[in-house]
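Below is one structure, written out as structure tokens; comments come after it.
The values are calculated or read from the model by the stated rules, or taken from the named source; none is laboratory data. Because the structure is predicted, anything quoted here is derived from the model rather than measured. No Cβ is skipped: glycine too gets one built from the backbone with ideal geometry, and neighbour counts run over all protein chains shown.
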Amino acid sequence: MTGVAGTALSGTAVTPVVAERQAAMKAMADAAKTISGIFDGKLAYDAATFKAAAETIRHRSGKAMVESFPGGSFGASSAAKVEIEQSREEFTALARHLQDLAAELSLAADNAPDGITESMRMAPGMAMGSSLLGKRAGVAAEADPSKMPAEHLFHLILQECTNCHAKFREKRQ
Ligand code: HEC
């Protein structure tokens, strides 16, 4: 399987579909950095900036993300594992869940035009709770994102990135 995909792409430079999804991933990483900076107080809060960052993640996850990994686009210049092909359902679920969380995060900005509100903050102990959720797969997916503080949503978003990378991305050199 790996051999077949490798042969199909070998000798070619980075294909457009790979370059595009890598650029989309980088845009999400920049957006996550912005949101993280805002929560940490390193960047001034601005509702429009916060919302734009959340929207970047929302637009590049879900269906758009799944469609950027067509069959045969693995190996060679890509860090995407060929396992994506064998685990389409799981891959799609991760991309969809990320989109649901990003959509909720984006809504939070509408309710906070002037600054981060108390209700957007994670209560003490919640961070620990979220890492427990991360360990027990499935629980996070069952919890209702619309009832979560924005900061908690953001932690779950980062977990979603990590979960997918751990399973479906391999380090190149
Ligand atoms: C459903 C799976 C999945 C999710 C969710 C996901 N990624 Fe990725 N990501 C990948 C795969 C697979 C690659 C390797 C793509 C390639 O090289 O073809 C990748 C690559 C990347 C890269 C490297 C891009 C490059 O220049 O080569 C960055 C940065 C990245 N992801 C950030 C993120 C961030 C930030 C999030 C969450 C907001 C996220 N990803 C969510 C699967 C995912």
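Mind listing whichever residues of segment 52-70 are within 19 Å of THR162 (Cβ to Cβ) and either surrounded by fewer than 15 Cβ atoms within 10 Å (Cβ to Cβ) or in contact with a strand residue (DSSP E or B) (Cβ under 7 Å, 6 or more places away or on another chain) (or both)? Selection gives PHE69 alone.
In this structure, THR49 qualifies as at pLDDT 95 or above, under 19 Å from ALA150 (Cβ atoms) and over 17 Å from the mean Cα position of the chain (by Cα).
Can you tell me which residues in segment 71-97 are more than 7 Å from the ligand (Cβ to nearest atom), buried (at least 19 other Cβ atoms within 10 Å of the Cβ) and assigned to a helix (DSSP H, G or I)? Result: HIS97, single match. Among residues of segment 155-173 that are under 13 Å from ALA95 (Cα atoms), those with a Cβ under 8 angstrom from a residue that is within 9 Å of the ligand (Cβ to nearest atom) and among the β-branched types (Val, Ile, Thr), sequence gap 6+ or separate chain, pair up as ILE157/ILE57; PHE168/ILE84. With respect to the conditions (1) under 24 Å from PHE154 (Cα atoms); (2) within 18 Å of the chain's Cα centre (by Cα); (3) of a type outside the set (D, E, K, R), ALA79 lacks only one, and its number is (1).
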